[in-house]
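Scroll down for the structure; my scribbles are underneath it.
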Amino acid sequence: MLTEQYKEAPIWRGLVGENLAELWSSSDGNSWTFIINAPIGRSCVLGSGEAGDLLKHQVEPNPLEVDYK
């Protein structure tokens with residue numbers, strides 16, 4: 001349904017305990033859907049919306065680990 005009706009495809013996957021979380025998005029970013037898939041075969045839509053945008057992944061250095069020499 002997400003592929004046919006909203007032209008969405010999975011763009012991210014990750015584990016939440018034993019469950020698989022997926023973020024689906026249309027290629028133009030006009031729609032997105034966040035889903036949790038349980039290992040027993042059930043899925044639950046946690047949220048969906050419009051006007052999504054991918055952010056650049058940046059990890060800031062820990063200030064306690066910075067060498068100020």
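The values are calculated or read from the model by the stated rules, or taken from the named source; none is laboratory data. In this text the structure is predicted, and so the values were computed from the model without any measurement. Neighbour counts are summed over all protein chains in view; Cβ atoms, including those assigned to glycine, are modelled from backbone coordinates with ideal geometry. Accessible surface areas use protein heavy atoms only, side chains included; no ligands, DNA or RNA. Shrake-Rupley method; radii C 1.70, N 1.55, O 1.52, S 1.80 Å.
I'd like to check one number: the per residue accessible area of the chain, probe 1.4 Å, reported in Å² as a whole number.
Numbers: 5960 Å² over 69 residues.
Per residue, the chain has an accessible area of 86 Å².
With a 1.4 Å probe and all protein chains left in place, how much of the accessible area of the chain comes from carbon and sulfur atoms, in whole percent?
Numbers: 3360 of 5960 Å².
Summing carbon and sulfur atoms, their accessible area is 56 percent of the total for the chain.
If you bin every alpha carbon distance in the chain into 5 Å steps from zero, what whole percent lands in each bin?
All Cα pairs considered, the percentages come to 4, 15, 20, 18, 13, 10, 7, 6, 4, 3, 1, 0.
With a 10 Å radius around each residue's Cβ, average the other Cβ atoms per peptide and rank 13-19, 2-8, 51-57, highest first.
In decreasing order of mean packing, 13-19, 2-8, 51-57 become 2-8, 13-19, 51-57.
When the helices in the chain are scored as -39500 (n - 2.57) per DSSP H run of 4 or longer and the sum is shared across all residues, what 222 nm value do you end up with, to the nearest 500 deg cm²/dmol?
Rounded to the nearest 500, it is -1500 deg cm²/dmol.
About the Cα centre of the chain, how large is the charge dipole given +1 on each Lys and Arg Cβ and -1 on each Asp and Glu Cβ? Please answer in debye to the nearest 20.
So the magnitude is around 140 debye.
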